[in-house]
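Participant: Got a structure for you, questions after.
The values are calculated or read from the model by the stated rules, or taken from the named source; none is laboratory data. These figures come from a predicted structure and were not determined experimentally. Using ideal geometry, Cβ is built from the backbone for each residue, glycine included, and neighbour counts are taken over all protein chains shown. What goes into the accessible areas is simple: the full protein's heavy atoms, side chains included, and nothing from ligands, DNA or RNA. Shrake-Rupley method; radii C 1.70, N 1.55, O 1.52, S 1.80 Å.
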Amino acid sequence: MEETVVKKIAILGSTGSIGTQTLDIVRTYGDLEVTALAAGSNIRLLEQQIREFRPRLAAVWEEDLAQQLREKVRDLPVKVCSGMEGLLEVATEQAADILVTAVVGMLGIRPTIAAIQAGKDIALANKETLVTAGHLIMPMAEEYGVSILPVDSEHSAIFQCLQGAGDNPVSKILLTASGGPFRGRSRAELEGVTLEEALKHPNWSMGRKITIDSATMVNKGLEVIEAKWLFGVSPRQIEVLVQPQSIIHSMVEFADGAVIAQLGTADMRLPIQYALYYPKRRQLPGKRLDFTQISAITLERPDMETFEGLALAFEACERGGNLPTALNAANERAVALFLERKISFLEIPAMIRACMEHCRFVDHPTVEEILATEQEAYEYIESRW
């Protein structure tokens, strides 16, 4: 009888959308053990997770919240820490085999680097890490012999399409997008869109920030930059296609013209589970595609004039250096201001463009220079808006 091998996982962002779905997968099987959890501020849910999964270590960002959590779980053998030190401790937790990086934003860079240096495989849902520091992360992963396993549905799809391809070179990556809630609208029609409209994604259930990124199509732009690093292709080998039914999750074209696609329902548990169990596939409960019920799968080119954020991301991807960091930092702050109803929807790409033009260009930035560019973008936005 085959012995069950228990894989040990740590999660950054355990109370968010990806984190909670990762824990759903842990519940489904008996061969995953949670050793460490980190969350932002939702200590009520984090306490529930600690009680259910019994990690050795937990972290929250603010020390006062960490102190509150310590009181709540003082009956359990769990260490609670805070701040960046806490994230680094979770990322490098000794027993963990794989780190799920599901925090939002550039906060994920340093913990991801620390985890790689500690020999942990990375299930990557924090796209900003590769967007801003892909030139550092991918060579480092190779140096330390660890795997970067994509959790984004599109990058997971590409990764799945490449299984069995051997050393056959990729001719083109066809990165699909749903088009978000405003697909087909003109720039004039986007003038007065509300926060509530922007948060109504037609197909996927995601966190607020990424839902807005999908509405602006900046999210797809960030995925273009991420794909460049994950799959070693040039920006000119990446084509974005709008596929509103979200059935084709992405495709790969090879030199002979053959195109391989990955299809499935809009269920984030599939790419999460694939990353956790790679290279094995496991039974996943849930809805299946019924091809007899699919009337059409349509594909169209994105409108990069209306959705300027996607065009700006291609520009940042082509020019490289710290320009993707300026784009990403500006977008983070712009989306935060839009969520607070302080700016309009179309001011988001305007803010990104202004920051990309303003920030001092650095060709091959270090982590310190990446973080300095982030700060420069934040300060510029604060002075202007």
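Participant: In region 183-253, which helices (runs of 4 or more DSSP H) lie fully inside it and hold 2 or more residues that are closer than 23 Å to Ala326 by Cα and open to solvent by less than 20 Å² (accessible area, probe 1.4 Å)? Write out each step before concluding.
Facilitator: Details: elements: 195-198, 208-216, 218-231.
Of the helices (runs of 4 or more DSSP H) lying wholly inside region 183-253, those with at least 2 residues that are closer than 23 Å to Ala326 by Cα and open to solvent by less than 20 Å² (accessible area, probe 1.4 Å) span 208-216, 218-231.
Participant: Let me confirm something: among Ile148, Ile158, Ile122, which residue is hydrophobic (A, V, I, L, M, F, W, C), more than 12 Å from Glu226 (Cβ to Cβ) and either in contact with a strand residue (DSSP E or B) (Cβ under 7 Å, 6 or more places away or on another chain) or buried (at least 24 other Cβ atoms within 10 Å of the Cβ) (or both)?
Facilitator: Values: Ile148 fails: more than 12 Å from Glu226 (Cβ to Cβ); Ile158 fails: more than 12 Å from Glu226 (Cβ to Cβ).
Answer to the check: Ile122.
Participant: So is Arg54 surrounded by fewer than 16 Cβ atoms within 10 Å (Cβ to Cβ), at pLDDT 95 or above and either of a type in the set (S, T, N, Q) or farther than 30 Å from Lys280 by Cα (or both) or not?
Facilitator: On the way: surrounded by fewer than 16 Cβ atoms within 10 Å (Cβ to Cβ): yes; at pLDDT 95 or above: yes; either of a type in the set (S, T, N, Q) or farther than 30 Å from Lys280 by Cα (or both): no.
For Arg54, the condition - surrounded by fewer than 16 Cβ atoms within 10 Å (Cβ to Cβ), at pLDDT 95 or above and either of a type in the set (S, T, N, Q) or farther than 30 Å from Lys280 by Cα (or both) - is not met.
Participant: Given the residues Lys172, Lys209, Lys200, Lys127, which is the only one that is over 30 Å from Thr92 (Cα atoms), in contact with a helix residue (DSSP H, G or I) (Cβ under 7 Å, 6 or more places away or on another chain), touching a residue at least 12 places away in the same chain (Cβ under 8 Å) and charged (D, E, K, R)? If you could, list the steps in order and put the result at the bottom.
Facilitator: Values: Lys209 fails: over 30 Å from Thr92 (Cα atoms); Lys200 fails: in contact with a helix residue (DSSP H, G or I) (Cβ under 7 Å, 6 or more places away or on another chain); Lys127 fails: over 30 Å from Thr92 (Cα atoms).
None of the others qualify; the one that does is Lys172.
Participant: Another one. Can you name every residue in region 254-268 that is assigned to a loop (DSSP other than H, G, I, E, B), of a type outside the set (Asp, Glu) and under 22 Å from the mean Cα position of the chain (by Cα)? Let's see the steps before the verdict.
Facilitator: Looking only at region 254-268, we keep the residues that are assigned to a loop (DSSP other than H, G, I, E, B), and these are 255-258, 264-268.
Still in the list and also of a type outside the set (Asp, Glu): 255, 257-258, 264-266, 268.
Gly264, Thr265, Ala266, Met268 - these are the residues of region 254-268 that are assigned to a loop (DSSP other than H, G, I, E, B), of a type outside the set (Asp, Glu) and under 22 Å from the mean Cα position of the chain (by Cα).
Participant: In region 13-26, how many residues are within 13 Å of Leu45 (Cβ to Cβ) and part of a helix (DSSP H, G or I)?
Facilitator: Here is the first cut: in region 13-26, the ones within 13 Å of Leu45 (Cβ to Cβ) are 13-17, 19-20, 23.
From what is left, the residues that are part of a helix (DSSP H, G or I) are 17, 19-20, 23.
Count: 4.
Participant: Of all residues in region 1-22, how many are surrounded by fewer than 20 Cβ atoms within 10 Å (Cβ to Cβ), within 25 Å of Thr211 (Cβ to Cβ) and aliphatic (A, V, I, L, M)?
Facilitator: 0
Participant: Continuing with the same structure: Quick one: how many residues across region 27-44 are outside any strand (DSSP E or B), without any contact (Cβ under 8 Å) to a residue 40 or more places away in the chain and not hydroxyl-bearing (Ser, Thr, Tyr)? Explain how you work it out, then say what you get.
Facilitator: Taking region 27-44 and keeping what is outside any strand (DSSP E or B), we get 27-31, 40-44.
Still in the running and without any contact (Cβ under 8 Å) to a residue 40 or more places away in the chain: 27, 30-31, 41-44.
Those left that are additionally not hydroxyl-bearing (Ser, Thr, Tyr): 27, 30-31, 42-44.
Adding up the residues that qualify gives 6.
Participant: Ok, one more. Quick one: which residue in Ala316, Ala334 is within 18 Å of Leu130 (Cβ to Cβ), among the small types (Gly, Ala, Ser), open to solvent by less than 60 Å² (accessible area, probe 1.4 Å) and in a helix (DSSP H, G or I)? Reasoning before the result, please.
Facilitator: Details: Ala334 fails: within 18 Å of Leu130 (Cβ to Cβ).
Answer to the selection: Ala316.
Participant: Considering region 90-107 alone, what residues qualify as being at pLDDT 95 or above and assigned to a helix (DSSP H, G or I)?
Facilitator: Here is the first cut: in region 90-107, the ones at pLDDT 95 or above are 90-102.
Val90, Ala91 - these are the residues of region 90-107 that are at pLDDT 95 or above and assigned to a helix (DSSP H, G or I).
Participant: Could you list, in sequence order, all residues of region 269-300 that are under 25 Å from Val240 (Cβ atoms), within 23 Å of the chain's Cα centre (by Cα) and open to solvent by 30 Å² or more (accessible area, probe 1.4 Å)?
Facilitator: Selection gives Arg269, Leu270.
Participant: Something else: Does region 185-234 hold any residues that are aliphatic (A, V, I, L, M) and more than 25 Å from Gly264 (Cβ to Cβ), and which are they? Outline the logic, then answer.
Facilitator: Looking only at region 185-234, we keep the residues that are aliphatic (A, V, I, L, M), and these are 188, 190, 193, 195, 198-199, 206, 210, 212, 215, 217-218, 222, 224-225, 227, 230, 233.
Answer for region 185-234, where residues must be aliphatic (A, V, I, L, M) and more than 25 Å from Gly264 (Cβ to Cβ): Ala188, Leu190, Val193, Leu195, Ala198.
Participant: Based on this model, can you work out whether Thr28 counts as of a type in the set (S, T, N, Q) and open to solvent by less than 60 Å² (accessible area, probe 1.4 Å)? Quick ask: steps written out before the conclusion?
Facilitator: On the way: of a type in the set (S, T, N, Q): yes; open to solvent by less than 60 Å² (accessible area, probe 1.4 Å): no.
Here the answer is no, as Thr28 does not meet what is asked.
Participant: Restricting attention to region 57-75, which residues are under 20 Å from Thr20 (Cβ atoms), over 25 Å from the mean Cα position of the chain (by Cα) and assigned to a loop (DSSP other than H, G, I, E, B)? Steps first, answer last, please.
Facilitator: Restricting attention to region 57-75, the residues satisfying the condition of being under 20 Å from Thr20 (Cβ atoms) are 57-61, 65, 69, 72-73.
Going one step further and asking which of them are over 25 Å from the mean Cα position of the chain (by Cα), we end up with 65, 69, 72-73.
Once the filter is applied, which keeps residues that are under 20 Å from Thr20 (Cβ atoms), over 25 Å from the mean Cα position of the chain (by Cα) and assigned to a loop (DSSP other than H, G, I, E, B), region 57-75 yields only Val73.
Participant: Tell me the residue from Leu12, Leu46, Leu37, Leu57 that is over 19 Å from Ala95 (Cα atoms) and either in contact with a helix residue (DSSP H, G or I) (Cβ under 9 Å, 6 or more places away or on another chain) or β-branched (Val, Ile, Thr) (or both), please.
Facilitator: On the way: Leu12 fails: over 19 Å from Ala95 (Cα atoms); Leu37 fails: over 19 Å from Ala95 (Cα atoms); Leu57 fails: over 19 Å from Ala95 (Cα atoms).
Selected residue: Leu46, the only one of Leu12, Leu46, Leu37, Leu57 that is over 19 Å from Ala95 (Cα atoms) and either in contact with a helix residue (DSSP H, G or I) (Cβ under 9 Å, 6 or more places away or on another chain) or β-branched (Val, Ile, Thr) (or both).
Participant: Would you pick out the residues in region 124-148 that are among the aliphatic types (A, V, I, L, M) and either in a helix (DSSP H, G or I) or touching a Pro at 6+ places or on another chain (Cβ under 8 Å) (or both)?
Facilitator: Within region 124-148, the first condition is being among the aliphatic types (A, V, I, L, M), and the residues that meet it are 124-125, 130-131, 133, 136-138, 140-141, 146, 148.
Those that are among the aliphatic types (A, V, I, L, M) and either in a helix (DSSP H, G or I) or touching a Pro at 6+ places or on another chain (Cβ under 8 Å) (or both): Leu124, Leu130, Val131, Ala133, Leu136, Ile137, Met138, Met140, Ala141.
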